[in-house]
1. Taking segment 18-52 on its own, how many of its residues are exposed (fewer than 13 other Cβ atoms within 10 Å of the Cβ) and either among the charged types (D, E, K, R) or touching a Phe, Trp or Tyr at 6+ places or on another chain (Cβ under 8 Å) (or both)?
2. Being at pLDDT 95 or above and out of contact with any strand residue (DSSP E or B) (no Cβ under 9 Å at 6 or more places or on another chain) narrows it down to one of Gln28, Gln102, so name that one.
3. Can you go through Ala74, Ala106, Ala86, Ala98 and tell me which one is under 22 Å from Val121 (Cα atoms) and part of a helix (DSSP H, G or I)?
4. Which of the residues that make up segment 53-72 are surrounded by 13 or more Cβ atoms within 10 Å (Cβ to Cβ), more than 16 Å from Ala14 (Cβ to Cβ) and modelled with pLDDT of 95 or more?
5. Would you please name the residue that is farthest from the chain's Cα centre (by Cα), looking only at residues in segment 22-55 that are under 18 Å from Ser104 (Cα atoms) and of a type in the set (Asp, Glu)?
6. Just give me the residues in segment 4-17 being of a type in the set (D, E, K, R) and either surrounded by 15 or more Cβ atoms within 10 Å (Cβ to Cβ) or in contact with a Phe, Trp or Tyr (Cβ under 7 Å, 6 or more places away or on another chain) (or both), in sequence order.
7. Those residues that are outside any loop (DSSP other than H, G, I, E, B), over 18 Å from Gly81 (Cα atoms) and in contact with a helix residue (DSSP H, G or I) (Cβ under 8 Å, 6 or more places away or on another chain), I need them from segment 21-48; list them, please.
8. Working carefully through the options Pro83, Pro2, find the one that is at pLDDT below 95 and in contact with an Asp or Glu (Cβ under 6 Å, 6 or more places away or on another chain).
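The values are calculated or read from the model by the stated rules, or taken from the named source; none is laboratory data. Just so it is clear, the model here is predicted, and its values are computed rather than measured. FYI the Cβ positions are ideal-geometry reconstructions off the backbone, even for glycines, and counts take in every protein chain you see.
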Amino acid sequence: MPDPAPDLAALITAVHDAIDTTDREYAQMPLVVRLMVRRGFGKRTGRDVDGWRTMLTAARRGVRDPALPAALEALAAHYDGAPARARRGMGASAADLAVVEQRSRARADAARALRAALTAVAGRS
């Protein structure tokens with residue numbers, strides 16, 4: 001059976017990159033909006049951006065938090081809902097919204113792929 005570690009490392013990196021990109025996007029928003037979206041991110045996902053970075057860094061080192069799979073599903077759900085939130089609050093063009101939808105789908109897929117891999121590894125333990 002192939003070693004799942006390289007796949008896990010790549011999946012962890014993909015989710016970490018999604019968090020970093022999300023944080024950079026939030027940093028470009030006006031202060032009041034930025035505070036609001038960061039608070040919403042934390043409420044919906046169960047941790048702030050730094051909390052996600054800490055959890056993913058630990059996972060990369062092999063320290064598996066048993067809460068990580070459920071947290072990843074919450075993160076994916078956050079990204080699933082991002083296009084609707086953007087439509088309501090952004091006043092964006094159709095092209096901008098299409099970009100939000102594509103990015104959000106890719107980020108949700110990354111979170112769910114890592115969740116599935118962690119669940120599969122745990123099932124083999």
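1. So the answer is 4.
2. Gln102
3. Ala74
4. Passing the criteria: Thr54, Ala58.
5. Glu25
6. Applying the first criterion (of a type in the set (D, E, K, R)) to segment 4-17 yields 7, 17.
Correct list: Asp7 only.
7. Answer for segment 21-48, where residues must be outside any loop (DSSP other than H, G, I, E, B), over 18 Å from Gly81 (Cα atoms) and in contact with a helix residue (DSSP H, G or I) (Cβ under 8 Å, 6 or more places away or on another chain): just Ala27.
8. Pro83 is the lone residue from the list that is at pLDDT below 95 and in contact with an Asp or Glu (Cβ under 6 Å, 6 or more places away or on another chain).
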